[in-house]
């Protein structure tokens, strides 16, 4: 696999790299995230493709490279800078068109434990690079990384109250990217479970994330959990944290208008409208 100073183009066409969301519009509080020492969505966008360029010549070479990447990031005994470079290489491969190779996806599953280890790393540089890589994969590959996102979401939530702002904010921004781009119904129970956390910062962020979810996900992605999702958001209105309550009440002023609009809708559509307005 060739590393070049220019954009590498392999024998297969690269995937179209068009951001699925407007820059700076992943979550509703990006400006709050960009506190001193923290990162925000703009930081992630700037880092996504700030990686060495590669060219993929064959599926065998791609598989060999992914195996080497996994071996590097799977061991915390490796130098942290080597693990950071390996995480960047994942993004380099996606940019070079790795997603067009069917061999790429089994390797993604094999990468999950190593990615989880990176998110839990004590080095903030490793954590940030892992989060940027996960967010980029979610943006570019959407539902094709649903299992990866499901596996990593609990570890990302644990980062939220971290005292190191760069680690906490990296986790929060990554969660926002996942919710925006990977509409996987199994993410919902994970979010709802953590809403009962004793940590107020986790509850506040997840109330914001759930507000984002119910206003951006299609109905079919939520329908398996629509009732418990609605109940959980209603409980958020009485949360001890004022910001959590604010996010949970955000759409309540439009309740009557949306209720009238939903009068002749199907039961599922009405449930969704209720979820939005009661939340």
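The values are calculated or read from the model by the stated rules, or taken from the named source; none is laboratory data. Computed from a predicted structure; not experimentally measured. Neighbour counts are summed over all protein chains in view; Cβ atoms, including those assigned to glycine, are modelled from backbone coordinates with ideal geometry.
Observations
- Qualifying residue in the stretch 161-182 (condition: within 13 Å of the chain's Cα centre (by Cα), outside any helix (DSSP H, G or I), touching a residue at least 12 places away in the same chain (Cβ under 8 Å) and on the phi < 0 side of the Ramachandran plot): yes
- Flag for residue 214 being over 15 Å from the mean Cα position of the chain (by Cα) and closer than 24 Å to residue 106 by Cα: no
- Among the residues examined, residue 192 does not qualify as crowded, with 22+ Cβ neighbours inside 10 Å, part of a helix (DSSP H, G or I), modelled with pLDDT under 95 and in contact with a helix residue (DSSP H, G or I) (Cβ under 8 Å, 6 or more places away or on another chain).
- Residue match in the stretch 124-138 (condition: part of a helix (DSSP H, G or I), more than 22 Å from residue 54 (Cβ to Cβ) and not assigned by TED's automatic domain parsing to the domain that holds residue 229): yes
- In this entry, residue 124 is excluded by the filter for residues that are at pLDDT below 95, in contact with a helix residue (DSSP H, G or I) (Cβ under 7 Å, 6 or more places away or on another chain) and at negative phi.
Conditions tested, residue by residue: (1) under 20 Å from residue 151 (Cβ atoms); (2) out of contact with any helix residue (DSSP H, G or I) (no Cβ under 6 Å at 6 or more places or on another chain).
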{"residue": "181", "(1), (2)": "yes, no"}
{"residue": "184", "(1), (2)": "yes, no"}
{"residue": "188", "(1), (2)": "yes, no"}
{"residue": "196", "(1), (2)": "no, yes"}
{"residue": "199", "(1), (2)": "no, yes"}
{"residue": "205", "(1), (2)": "yes, no"}
{"residue": "209", "(1), (2)": "yes, no"}
{"residue": "214", "(1), (2)": "no, no"}
{"residue": "218", "(1), (2)": "no, yes"}
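- Residues that are in a helix (DSSP H, G or I) and more than 19 Å from residue 135 (Cα to Cα) do not occur anywhere in the stretch 37-56.
- Qualifying residue in the stretch 84-102 (condition: without any contact (Cβ under 8 Å) to a residue 24 or more places away in the chain and either closer than 16 Å to residue 134 by Cβ or surrounded by 13 or more Cβ atoms within 10 Å (Cβ to Cβ) (or both)): yes
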